[in-house]
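So the structure is just underneath, and the comments pick up after that.
The values are calculated or read from the model by the stated rules, or taken from the named source; none is laboratory data. Given the structure is predicted, the values throughout are model-derived calculations rather than measurements. Note that we place each Cβ from the backbone using ideal geometry, even for glycine, and neighbour counts take in every protein chain shown. We work out accessible area using only protein heavy atoms, side chains counted, and drop any ligands, DNA or RNA first. Shrake-Rupley method; radii C 1.70, N 1.55, O 1.52, S 1.80 Å.
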Amino acid sequence: MAYELNKNYYMVSHAGSGKCLNVFGSEQVSNNRNVCLWTKDSTNAQNWLIKSFKAGYKIVTALNQNYALNYYWSAGNGEPGNCDIYLESGNDKDSCILLEPVNATDNIYRIRLKNYDLYLTANGSSDNSDVRWDKKASSGNAQQWKLVDFFGSAPSTESATLTMPSGRICNWNQFYTPINNLTGGEGCTITAVLDVLNFFGPSSYTINDIRGAWVNGQGVNWNYNWPNVTITHPSTSFANTSYAAICEQINLGVPVLLNLGPGNSGNYHMVMCYGYRNGGKSISDFLVMDPAGSGNGQYGVQRTLLEAANYSTNGKGIATVRFTSRKA
């Protein structure tokens, strides 16, 4: 299939087998902010759109669509020159691109600067590898980029449910006395994180193992060094098209942290999603471990996402999403 304008894409290096094109930093934008490679996550630092302007096509970041991929060179025409982002307005010469198909059926392209004979090049294959504009390579796939739907494709199955590991609690109750003593009953986020830690293991974790992640009055310190698991930070604002992305993660065998709430202000509530049914087309199709259990027992409640929303946030839907993965 051919690429589409104004569609959200991951741009995956090495013909789709490598890391994703990524704006360096904590989802910040500024002129000459570096572009690098990074492991696929759900942040808008990896969310790109191809847009048409009067001067031609440009690749802009979903962090702020006023910023586009840019060719940076300090003196003369650098070969290679660095790839960064820059305000696209008034910067047509260094930001207009052409997409040359390598395998259009699989959405694999070379990305060439329109005004220079230079190609977007992955200068490595590990996290934080630099990305450059370089002359066309005669071999290899470092200049081949696969465009992948950022919000995921339709699930390959109608339903999927993760099996929880034996011997570990993956459904803690935020009102359980040791947790309540730490958080005052407001600890749904740290409790859902505790569920995720026990899913990935290998140890059986309790609140005592992650007490240092709790920030009194502010919730969880997302920069905490979580054992065995990576949790995306910052989270990605939700759109209905992300239902498929959640299903995709469940199909890959990993849970997803979902923050329920109004999307702007008011009460929020975090749950761990572990499955879906009916193709994952609506909020009622997702299955969650809900930390809002009854009483002060050790276990939370298994609910549908709709039931969790009705119980905790007056029916409000998903506000943000955090993907999880096992640390290498």
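For the reader, a short list of remarks on this structure follows.
- Selected residue (criterion: modelled with the lowest pLDDT) from residues of segment 1-38 that are outside any strand (DSSP E or B) and either among the aliphatic types (A, V, I, L, M) or open to solvent by less than 10 Å² (accessible area, probe 1.4 Å) (or both): MET1
- Some residue of segment 146-164 being buried (at least 18 other Cβ atoms within 10 Å of the Cβ), without any contact (Cβ under 8 Å) to a residue 60 or more places away in the chain and over 30 Å from PHE199 (Cβ atoms): no
- Residue match in segment 176-185 (condition: modelled with pLDDT under 90 and open to solvent by 40 Å² or more (accessible area, probe 1.4 Å)): yes
- The residue that is modelled with the lowest pLDDT, counting only those in segment 262-275 that are of a type outside the set (Val, Ile, Thr) and under 19 Å from the mean Cα position of the chain (by Cα), is GLY263.
- Complete set of residues in segment 199-252 that are of a type in the set (A, V, I, L, M, F, W, C), surrounded by fewer than 16 Cβ atoms within 10 Å (Cβ to Cβ) and touching a residue at least 60 places away in the same chain (Cβ under 8 Å): ALA239
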